[in-house]
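The values are calculated or read from the model by the stated rules, or taken from the named source; none is laboratory data. Being a predicted model, the structure only gives us computed values, none of them experimental. Quick reminder, even Gly has a Cβ in these numbers, built from the backbone with ideal geometry, and neighbours come from all protein chains shown. The accessibility values were calculated without ligands, DNA or RNA, using every heavy atom of the protein model including side chains. Shrake-Rupley method; radii C 1.70, N 1.55, O 1.52, S 1.80 Å.
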Amino acid sequence: MMDPYAALGLTKSASDDEIKKAYRKIARTSHPDLHPDDADAEARFKAASAAYDLLRDPETRARFDRGEIDATGAETQAHRQRQYYRDYADTADNPYGGGFSGGWQRQAGSDFEDVDPADIFAQFFGRRGAGGGEGFAARGADARYALEVPFLDAVNGTKTRITLPDGNALEVKIPQGTADGQTIRLRGKGQPGFNGGPSGDALVTLSVRPHPIFRREGNDIIVTLPITIDEAILGGKVATPTIDGSVMLTIPKGASSGQVLRLRGRGVKSAGKGAQGDQRVELSIVAPPKVDEELAEFMEKWRRNHSYDPRKGMKA
């Protein structure tokens with residue numbers, strides 16, 4: 001598994017801002033949509049996405065730096081065992097009593113001054129297991145995965161599958177209205193437990209792929225809609241894309257670029273996250289690809305008789 005810092009071309013001392021900038025640079029230059037037939041670019045993008053998902057959260061990054069989790073976000077076996085022994089030492093089942101905060105205490109100047117009690121418990125239980133006696137059961141570690149999903153799949157919900165490092169596949173249900181950075185927990189789909197203990201969970205963090213037409217703000221969908229000069233002047237009905245398909249939108253007479261029209265209830269519907277949003281349509285007047293002589297003569301005549309200054313009152 002590649003070091004996440006190396007995947008972003010950084011060192012461990014990189015700042016949060018440097019991590020974000022490095023990821024965005026790789027996303028701009030190596031996104032599969034920009035290089036559909038470049039397997040190396042796709043691999044760089046996937047590695048950078050997984051690295052950014054791990055390092056952008058300060059707590060997760062700190063755990064990785066301490067060696068508590070690996071590059072996939074899964075707890076390391078050494079940390080998992082160490083934590084188990086610590087937890088056991090603080091319970092009433094501890095035959096030596098008291099745990100770290102009670103009867104088991106380090107004494108200055110003693111042979112145990114620099115010894116971690118967790119290591120002693122690890123040795124104790126290791127001998128019990130080796131001798132064939134009663135073992136201990138522990139929950140398996142959580143496994144972390146990063147998954148990129150298309151914009152419309154995140155908005156409308158879907159089911160997909162991810163391939164695990166061992167070659168097995170895991171089905172993931174993407175809830176309707178999923179937001180970028182959201183993490184889905186799949187219970188019991190993580191690492192197996194010890195000695196019959198329950199399996200851990202799979203934590204799948206989603207990144208939503210940008211859409212060429214739609215943008216999302218909260219539960220609202222934003223679209224920039226090009227219209228012609230005559231549609232702006234005369235008004236009319238034009239086909240407008242929405243996340244549920246095309247609908248007819250009424251353009252008012254005298255519409256201007258930047259004017260925003262609202263389609264009620266055409267936004268994102270998220271279970272338990274507020275009411276369904278709207279779609280906001282920002283108009284953009286587009287000149288014809290070629291201005292012919294007839295149009296030019298008409299506009300010159302119109303300007304002579306109906307000129308106006310939309311910039312009146314503007315001062316630098």
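Look at residue 223 and say whether it is touching a Phe, Trp or Tyr at 6+ places or on another chain (Cβ under 7 Å) and part of a strand (DSSP E or B).
yes
Within the group 312, 273, 290, 301, which residue is out of contact with any Ser or Thr (no Cβ under 6 Å at 6 or more places or on another chain), closer than 19 Å to residue 152 by Cα and modelled with pLDDT under 95?
Numbers: 312 fails: closer than 19 Å to residue 152 by Cα; 290 fails: closer than 19 Å to residue 152 by Cα; 301 fails: closer than 19 Å to residue 152 by Cα.
Answer to the check: 273.
Could you tell me which residue of the range 235-258 is most open to solvent (accessible area, probe 1.4 Å), considering only residues that are in contact with a Gly (Cβ under 9 Å, 6 or more places away or on another chain) and not in a strand (DSSP E or B)?
By that ranking, first place goes to 253.
Would you confirm whether any residue within the range 220-228 is polar (S, T, N, Q), open to solvent by 30 Å² or more (accessible area, probe 1.4 Å) and within 24 Å of residue 159 (Cα to Cα)?
Scanning the range 220-228 turns up no residue that is polar (S, T, N, Q), open to solvent by 30 Å² or more (accessible area, probe 1.4 Å) and within 24 Å of residue 159 (Cα to Cα).
Residues being in contact (Cβ under 8 Å) with a residue 60 or more places away in the chain and not in a strand (DSSP E or B): count how many of those fall in the range 265-316.
7
Open to solvent by 80 Å² or more (accessible area, probe 1.4 Å) and either under 24 Å from residue 204 (Cα atoms) or modelled with pLDDT of 90 or more (or both) - does that describe any residue in the range 80-102?
no
Kindly indicate whether any position in the range 33-51 is over 17 Å from the mean Cα position of the chain (by Cα), in contact (Cβ under 8 Å) with a residue 12 or more places away in the chain and not in a helix (DSSP H, G or I).
Yes: one or more hits.
Would you call residue 39 surrounded by 14 or more Cβ atoms within 10 Å (Cβ to Cβ) and either closer than 22 Å to residue 211 by Cα or of a type outside the set (Ser, Thr, Tyr) (or both)?
When the stated conditions are applied, residue 39 does not pass them.
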